[in-house]
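> Sending over a structure as structure tokens; questions will come in a sec.
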Amino acid sequence: MKYAFSFLAVIALILIAWLGSQIPGMPYLFGIALPYLAMMIFLGGFVYRVVQWGKSPVPFSIQTTCGQGKSLDFIKHDRLEAPDTTAEVVARMFLEIVTFRSLFRNTKSELHDGPKITYESSKWLWLFAIIFHYSFLMVVIRHMRLFLDPAPFWIAWLEFGDGLFQVGAPTWYMTDIGLLAGCVLLFSRRLITRHVRFISLVNDYFPLVLIFAIAATGILMRYFLRTEIDIVNIKQLAVGLVTFSPVIGTEIGAIFYIHLFLVCVLLAYFPFSKLMHFAGVFMSPTRNMKNNTRAARHMNPWNPKIIPHSYGGYEDEFREFMVESGIPVEKELPPKKDEEKDEE
Amino acid sequence: MYNKRFIIPGLVIFVLFVTFPLWFNAFSTASPVPKPELPPGGEKECVAPASEMRDRHMVLLNEWRDGVLRDGERDVITVGGKQYRKGLQMACMQCHTSKEKFCDTCHDYTSVNPFCWDCHLTPEEAALKKETH
Ligand code: HEM
């Protein structure tokens, strides 16, 4: 049911944009007002979430390690798996972000007759995630041709590489297929693997369906439903949006407004969803802390501030009262000057 | 906030990245709105209405290419009493004589780099080739 709800929600969003954009005047809402609003929610929400995380104390040093930590000289230190310096943390983080190393280690446990439990490497999640994320990144970078004026030369290089197979006109992009396939594969994984399905929620399915719909509407617009899709006109709107002087020239087909509206929904939804793992991977204490607990003490920021108080300091503070009540002291009270004079 | 030293620069980089088109366009000169040159010969009719050509010319050209090269369909198309031979140089560029003043105006603006010209010659190039042979 959880996945069915995601489909219903996305279908409802498509209908809103489709029918809505046909009402006279509404293209300004879908083409200009909502993109600005969505972008503000995205940036504001994103920064807010990161600041909230930044304010959360980390009481323990909780890096995850899977290698030999730095120890005696003759014990080989695994610098990537148990980073000891900031540079090593950065190296590990970098590889995590560009190659998803932690997913590469995914294992599958199975119970066999016997009973016997086996663990086997399972790289599917890694593969699907790599296909999905790199396709998404490439599609987003290629979209910059619609926003940057004049379009920089390196976009043409990416487009050439991505459309290397030169299938059809406009040429099909590998990343278009990759993005669609990535969504389908990740979604299927959630349905088919039983224990993953058990822990999957609406907010796990919804982003996949939403991104699938964004990619599908983009592909439909580029290759199939080209009526009233004049890229020059669309680029004028897009450049207008980022130079704060948007105009909608001639009419643009509904498929464009559907595509754009779904992107707006994605942007506005982003800061409040699991998609924040984009920032979360950097903010994760298990990834960004050093494995140096034997060399440096991790202070819990909750700890109250306790100043050391030696016995000498204690006696200095209370000597008068101690002498008064007859408690032995290590250092006597200094003789009182005026009393001495009186006695003479 | 803890680790301000890392988090604040990180956030600044993120915001700069997301708003990259703003800075890029602010510091570059906007290109003029593309105005493709109408056929210098004064032709008014094309194989399809202008709006349809604008949206779908690449689809049409691709179908022509597949038809001619793969299925040998070199038939002539008659639209509004006028006959066109299927082909970029044989039909389109008879009227739209300049690649630079017609095709390129929009293509440059939107970073479209069709591979037509890997094989085809523009009328100017074709004329040059004839001279040298
Ligand atoms: C998360 C953001 C987005 C994703 C994942 C996405 C996805 C896609 C995909 C997969 C395509 C198919 C063709 C291609 O890959 O270039 C496409 C086409 C397109 N998208 Fe997007 N899109 C996004 C944002 C936007 C935005 C903000 C706009 C607003 C200007 C836009 C406008 C277009 C247009 C005009 C096309 C047709 C391009 C053509 O015909 O060459 N997209 N989109």
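The values are calculated or read from the model by the stated rules, or taken from the named source; none is laboratory data. None of these values were measured; they are calculated from a predicted model. Because the Cβ atoms are built from the backbone with ideal geometry, glycine has one as well, and the counts that use them run over all protein chains shown. Side chains included, ligands, DNA and RNA excluded: accessible areas come from the protein's heavy atoms. Shrake-Rupley method; radii C 1.70, N 1.55, O 1.52, S 1.80 Å.
> Identify the residue in the range A:226-256 that is closer than 17 Å to A:Leu37 by Cα and touching a Pro at 6+ places or on another chain (Cβ under 7 Å) and, among all such residues, is nearest to the other protein chains (Cβ to nearest Cβ).
Filtering first and then ranking leaves A:Val242.
> Taking the residues in the range A:60-96 that are in contact (Cβ under 8 Å) with a residue 40 or more places away in the chain and of a type in the set (S, T, N, Q) as candidates, determine which candidate is surrounded by the most Cβ atoms within 10 Å (Cβ to Cβ).
A:Gln63
> Does the range B:58-72 include one or more residues that are at pLDDT 90 or above, open to solvent by less than 70 Å² (accessible area, probe 1.4 Å) and closer than 26 Å to A:Ala238 by Cα?
There is at least one residue in the range B:58-72 that is at pLDDT 90 or above, open to solvent by less than 70 Å² (accessible area, probe 1.4 Å) and closer than 26 Å to A:Ala238 by Cα.
> Quick test of your reading of the structure: A:Asn303 fulfils all but one of (1) touching a residue at least 24 places away in the same chain (Cβ under 8 Å); (2) over 30 Å from B:Pro32 (Cβ atoms). Name the failing condition by number.
(1)
> Say we look at the range A:166-201 and pick out the residues that are open to solvent by 40 Å² or more (accessible area, probe 1.4 Å) and within 14 Å of chain B (Cβ to nearest Cβ); which of these is nearest to the chain's Cα centre (by Cα)?
Per the criteria, the residue is A:Trp172.
> Sticking with this one: I'm trying to understand the selection: among the residues of the range A:30-40, which are crowded, with 17+ Cβ neighbours inside 10 Å and either away from the ligand (no atom under 13 Å from the Cβ) or within 13 Å of another protein chain (Cβ to nearest Cβ) (or both)?
A:Pro35, A:Ala38, A:Met39, listed by residue number.
> If you check every pair at least six apart or on different chains, which have Cβ atoms under 6 Å apart with a residue in the range B:82-111 that is in a helix (DSSP H, G or I) and open to solvent by less than 60 Å² (accessible area, probe 1.4 Å) first and a residue that is among the β-branched types (Val, Ile, Thr) and within 16 Å of the ligand (Cβ to nearest atom) second?
Cβ pairs passing all conditions: B:Cys106/A:Val232.
> Is there any pair linking a residue in the range A:31-53 that is free of Cβ contacts under 8 Å to residues at least 24 places away in the same chain to one that is in a helix (DSSP H, G or I), with Cβ under 7 Å and at least six apart or on different chains, and which?
Pairs that qualify, where the first residue is free of Cβ contacts under 8 Å to residues at least 24 places away in the same chain and the partner is in a helix (DSSP H, G or I), are A:Leu43/B:Val15; A:Leu43/B:Val18; A:Val47/B:Leu11.
> Further question: Going by the conditions given, is B:Ala48 within 14 Å of chain A (Cβ to nearest Cβ), away from the ligand (no atom under 16 Å from the Cβ) and of a type in the set (Gly, Ala, Ser)?
Spelling it out, B:Ala48 is indeed within 14 Å of chain A (Cβ to nearest Cβ), away from the ligand (no atom under 16 Å from the Cβ) and of a type in the set (Gly, Ala, Ser).
> To continue, here is another question. Output yes when any residue across the range A:190-197 is of a type in the set (A, V, I, L, M) and modelled with pLDDT of 95 or more, and no when none is.
no
> Here's something else I'd like to know. Before we move on, is B:Phe20 open to solvent by 70 Å² or more (accessible area, probe 1.4 Å), under 24 Å from A:Gly240 (Cβ atoms) and over 15 Å from the mean Cα position of the chain (by Cα)?
In short, yes.
> Restricting attention to the range B:85-99, does a residue exist that is charged (D, E, K, R) and within 13 Å of another protein chain (Cβ to nearest Cβ)?
no
Listed here are the residues, each with its yes/no results for (1) assigned to a loop (DSSP other than H, G, I, E, B); (2) within 11 Å of chain A (Cβ to nearest Cβ); (3) farther than 27 Å from B:Thr110 by Cβ; (4) modelled with pLDDT under 95.
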| site | (1), (2), (3), (4) |
| --- | --- |
| B:Pro9 | no, no, yes, no |
| B:Ala30 | yes, yes, no, yes |
| B:Pro34 | yes, yes, no, yes |
| B:Pro39 | yes, no, no, yes |
| B:Lys44 | yes, no, no, yes |
| B:Glu52 | no, yes, no, yes |
| B:Arg56 | no, yes, no, yes |
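> Read through the list (1) within 9 Å of another protein chain (Cβ to nearest Cβ); (2) surrounded by fewer than 21 Cβ atoms within 10 Å (Cβ to Cβ); (3) more than 19 Å from A:Leu262 (Cα to Cα), then give the number of the only condition that A:Tyr223 fails.
So the condition that A:Tyr223 fails would be (3).
> Going by the conditions given, is A:Phe100 open to solvent by less than 60 Å² (accessible area, probe 1.4 Å), closer than 22 Å to A:Arg190 by Cβ and within 16 Å of the ligand (Cβ to nearest atom)?
No; evaluated as a whole, the condition is false for this residue.
> Of all residues in the range B:112-133 being within 20 Å of B:Asp66 (Cα to Cα) and in a helix (DSSP H, G or I), which is most open to solvent (accessible area, probe 1.4 Å)?
So the residue we want is B:Asp118.
> Considering only the range A:252-288, how many residues are away from the ligand (no atom under 14 Å from the Cβ) and either in a helix (DSSP H, G or I) or surrounded by 19 or more Cβ atoms within 10 Å (Cβ to Cβ) (or both)?
The total comes to 14.
> Let me ask something additional. Would a scan of the range A:109-122 turn up a residue that is within 14 Å of chain B (Cβ to nearest Cβ), open to solvent by 30 Å² or more (accessible area, probe 1.4 Å) and more than 10 Å from the ligand (Cβ to nearest atom)?
No: the range A:109-122 contains no residue that is within 14 Å of chain B (Cβ to nearest Cβ), open to solvent by 30 Å² or more (accessible area, probe 1.4 Å) and more than 10 Å from the ligand (Cβ to nearest atom).
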